[in-house]
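For reference, the structure discussed in these notes is given below.
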Amino acid sequence: MATEHTLSIIKPDATKRNLTGKINAKFEDAGLRIVAQKRIQLTKAQAGEFYKVHAERPFYDELCEFMASGPVVVQVLEGDGAIAKNREVMGATNPADADAGTIRAEFSESVGENSVHGSDAPETAREEIAYFFSGLEIVG
Ligand code: CMP
């Protein structure tokens with residue numbers, strides 16, 4: 001399988017509960033390498049731009065408020081089939097549906113406050129990585 005990069009975000013519900021290290025251990029235990037990482041505070045407008053594909057959804061405003069409610073850790077994960085592997089490690093969007101042992105099953109509080117985001121396809125991964133990182137910041 002090809003080596004891929006995917007964009008990961010550790011969301012405010014998880015940073016507030018000091019779970020960054022525990023979540024990073026899940027990525028590393030699954031063979032994903034954290035090749036870029038920074039802790040930032042998004043504005044609501046920046047969150048809205050990142051999630052603009054969801055602009056028509058009823059939860060969009062709540063999602064943008066939440067993503068700006070505290071620090072996030074944005075990351076680039078590298079590995080064989082990293083996009084699908086990260087989605088496996090995260091578990092289903094709604095923690096109630098997430099498999100045991102996944103990040104969302106273990107740590108998430110609700111479908112809205114679901115601890116992590118991961119890119120869903122190669123094109124979105126490229127766009128999402130470029131939203132937060134320059135090439136110089138990604139060190140494999
Ligand atoms: P994420 O993988 O970051 O992609 C879009 C996000 O929208 C999703 O995780 C959830 O945090 C959020 N989301 C999806 N469905 C709902 C919902 N029904 N109510 C609130 N937030 C949602």
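The value of relative contact order for the chain, using C-alpha pairs under 8 Å at least six residues apart, is 37 percent.
Evaluated over the Cα positions of the chain, the convex hull gives a direction-averaged projected area, one quarter of its surface, of 7.8 nm².
The mean accessible area for residues of the chain, using a 1.4 Å probe and ignoring ligands and nucleic acids, is 52 Å² per residue. Counted over all Cα-Cα pairs of region 1-42, pairs farther apart than 17 Å make up 35 percent. For region 105-134 versus region 40-63, the inter-centroid distance based on Cα atoms is 12 Å. The orientation-averaged projection of the convex hull spanning the C-alpha atoms of region 52-124 amounts to 5.5 square nanometres. A Gaussian network model of the chain, with springs between Cα atoms under 10 Å, assigns the largest mean-square fluctuation among 13, 29, 99 to 29. Note on the chain: GNM, Cα springs under 10 Å; of 70, 118, 101, the largest mean-square fluctuation is that of 101. Among the lysines of region 8-130, pairs at least eight places apart or on separate chains and with Cα atoms under 26 Å apart come to 19.
For residue 109, the residues 5 or more places off, or on other chains, whose built amide H falls under 5 Å of its own are 115. With q set to 0.14, 0.18, 0.25 Å⁻¹, the log10 of I(q)/I(0) for region 1-76, from the Debye formula over equal scatterers at the Cα positions, is -0.51, -0.78, -1.13.
The values are calculated or read from the model by the stated rules, or taken from the named source; none is laboratory data. This structure is a prediction, so every number in the text was calculated from the model and none was measured. To get the accessible areas, we keep the full protein, side chains included, count just its heavy atoms, and leave off ligands, DNA and RNA. Shrake-Rupley method; radii C 1.70, N 1.55, O 1.52, S 1.80 Å.
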